[in-house]
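Visitor: My structure is below; once you've seen it, I'll send some questions.
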Amino acid sequence: MEELTITRPDDWHLHLRDGAALKAVLPHTVRQFARAIIMPNLKPPIRSVADAAAYRDRILAAIPAGKQFEPLMTLYLTDNTSPEEIIRAKESQFVKAVKYYPAGATTNSDFGVTDIRKCDRVFEAMQQVDMPLLLHGEVTDPDVDMFDREKAFIERHLMPLKQRFPNLRVVLEHVTTSDAVQYALSANNIAATITPQHLLFNRNILFQGGIRPHFYCLPILKREEHRLALLQAATSGNPKFFLGTDSAPHPRNGKESSCGCAGCYSALHAMELYAEAFESVDALDKLEAFASFYGPDFYQLPCNTEQITLTRTTWRVPDEVPFTESGLVPLRAGQEMTWQMV
Ligand code: NCD
Ligand code: ZN
């Protein structure tokens, strides 16, 4: 196959940041995707419908002239989020989900939830109005090994949560393990997003010839057996698994540091990366549904009507793209890609 034309996809997990960073990265996403679920982990986070409305306006103002893009907003769940805010969110129409970060789990998660049970009244309201809950599914307990934090989250928090709220629709975001895949397959009212980095790389890449900060994201890359389980899930044609890049831009000097930030930047070439991953298991025919159908189905939105085309061409990922005070290093910078979106 030399050319692949599919329905225009959406990104169901995206970090756009704000201000100059937003202006720098948004054109990349707009080139590929029609819509995206926008993560609320700004500093300070997007905690209310009013915050989300203002952030949405800033995103709309940053869309390049003549282009179409719809930001689908989320609220950042805190210990203090009220059930009333959930009702307001539902009424707003533009807030599509609520994001749970365990306090301290990842970038800008200081306002995150300290104990998931504190949010039961909010989950009750979400279940009532059918507002999806997006989970950063990792425990933060220092006694749990870094590579086991997703599995521990599922056992300690997600399974009990699903028992308390069986009808709450949940997305286990950026799944990284076979444990997460198995759990998503076994439970009701649950879907999972999968990033390009977790489909393409295992944890060895983090240490290939030295420490490689641009492959560091959270949840961290896992063993090869987990990557294979994710690839199998993504290409299985099961609508529970759909595209969410988790593209998370940080300036080069924030990544190449004695305490580097977590996040891979993939908005530049997300569909090309996914195409490579799908082609590696001869499953390009499964890419369209994963990228363009199953996400809208979960969020009860229509699929896009336009199309995009990927062409088989060799090109080199730039070493850096312009960003803020220092540049932005895309995932797989300097390396050759085999597909290109034209
Ligand atoms: C994200 C970020 O930088 O905002 N980083 C990441 O490694 N994925 C936060 C997140 O989604 O965990
Ligand atoms: Zn994320």
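The values are calculated or read from the model by the stated rules, or taken from the named source; none is laboratory data. Every value quoted in this text rests on a predicted model; they were computed, and no experiment measured them. No Cβ is skipped: glycine too gets one built from the backbone with ideal geometry, and neighbour counts run over all protein chains shown. All accessible areas refer to the heavy atoms of the entire protein, side chains included, with ligands and DNA or RNA removed. Shrake-Rupley method; radii C 1.70, N 1.55, O 1.52, S 1.80 Å.
Visitor: Per residue, how much accessible area does the stretch 216-342 show when a 1.4 Å probe rolls over the protein heavy atoms, in square angstrom?
Guide: 39 Å²
Visitor: Sticking with this one: Quick one: among 283, 65, 21, which has the greatest mean-square fluctuation in a GNM of the chain with alpha-carbon springs under 10 angstrom?
Guide: Comparing 283, 65, 21 in a Gaussian network model of the chain, the most mobile one is 65.
Visitor: Rounded to the nearest 500, what is the 222 nm mean residue ellipticity of the chain from helices alone, with -39500 (n - 2.57) per DSSP H run of 4+ residues and division by all residues?
Guide: -8500 deg cm²/dmol
Visitor: May I ask for the net charge around residue 148, where only other residues with Cβ less than 12 Å from the Cβ of residue 148 are counted and Lys, Arg are +1 while Asp, Glu are -1?
Guide: In short, -2.
Visitor: Please report the relative contact order for the chain, taking Cα pairs under 8 Å with a sequence separation of at least 6, and give it as a percent rounded to a whole number.
Guide: 19 percent
Visitor: Please list, or write none, the lysines whose alpha carbon is within less than 16 Å of the alpha carbon of residue 43, excluding same-chain residues fewer than 8 places away.
Guide: Reachable lysines: 99.
Visitor: For the stretch 1-153, with every protein chain kept in place, what is the accessible area per residue (1.4 Å probe, Å²)?
Guide: 40 Å²
Visitor: How much length is gained on full extension from residue 147 to residue 336, taking 0.36 nm per residue of separation minus their Cα-Cα distance?
Guide: 65.1 nm
Visitor: Still on this model: Calculate the spin-label point distance for residue 320 paired with residue 88, positioning each point 7 Å from the Cα along the beta-carbon direction, and give it in nanometres.
Guide: 4.2 nm
Visitor: Counting only other residues whose beta carbon sits under 14 Å from that of residue 269, what net charge do I get with K and R as +1, D and E as -1?
Guide: Residues close to residue 269 contribute a combined charge of -3.
Visitor: Continuing with this model, one more query. So how far, in whole Å, is the C-alpha centre of the stretch 280-342 from the one of the stretch 26-87?
Guide: The two parts, judged by their Cα centres, are 21 Å apart.
Visitor: Run the 1.4 Å probe and let me know the accessible area of residue 216, rounded to the nearest 10 Å².
Guide: 60 Å²
Visitor: Label residue 204 and residue 286 with points 7 Å out from Cα along Cα→Cβ: what is the distance between them in nm?
Guide: Once both label points are built, they end up 2.3 nm from each other.
Visitor: Related question: Which residues in the stretch 280-302 have a backbone N closer than 20 Å to a point placed 7 Å from the Cα of residue 5 along the Cα-to-Cβ line?
Guide: From the stretch 280-302, the list is 284-293.
Visitor: I would also like to ask the following. Of 109, 92, 186, 258, which has the most accessible area and how do the rest follow, probe 1.4 Å?
Guide: 258, 186, 92, 109
Visitor: Please state the shape class of the chain: rounded when a/c is under 1.5, otherwise prolate if a/b exceeds b/c and oblate if not, all from the C-alpha gyration tensor.
Guide: Judged from the Cα gyration tensor, the chain comes out rounded (a/c under 1.5).
Visitor: Let me ask something else. I'd like the FRET efficiency for residue 110 and residue 236, computed as 1/(1 + (r/R0)^6) with the beta carbon distance as r and R0 of 41 Å, rounded to 0.05.
Guide: For R0 = 41 Å, the calculated efficiency reads 0.65.
Visitor: Pop out the carbon and sulfur fraction of the accessible area of the stretch 10-303 as a percent, whole number, probe 1.4 Å.
Guide: That share works out to 49 percent.
Visitor: I would also like to ask the following. Around residue 197, under 10 Å between beta carbons, what's the net of Lys plus Arg minus Asp minus Glu among the other residues?
Guide: Summing Lys/Arg as +1 and Asp/Glu as -1 gives +1.
Visitor: Would the stretch 79-127 count as rounded, prolate or oblate if I go by the C-alpha gyration tensor, calling it rounded below 1.5 in a/c and otherwise prolate when a/b exceeds b/c, oblate otherwise?
Guide: Oblate is the answer for the stretch 79-127, as a/c is 1.5 or above yet b/c matches or exceeds a/b.
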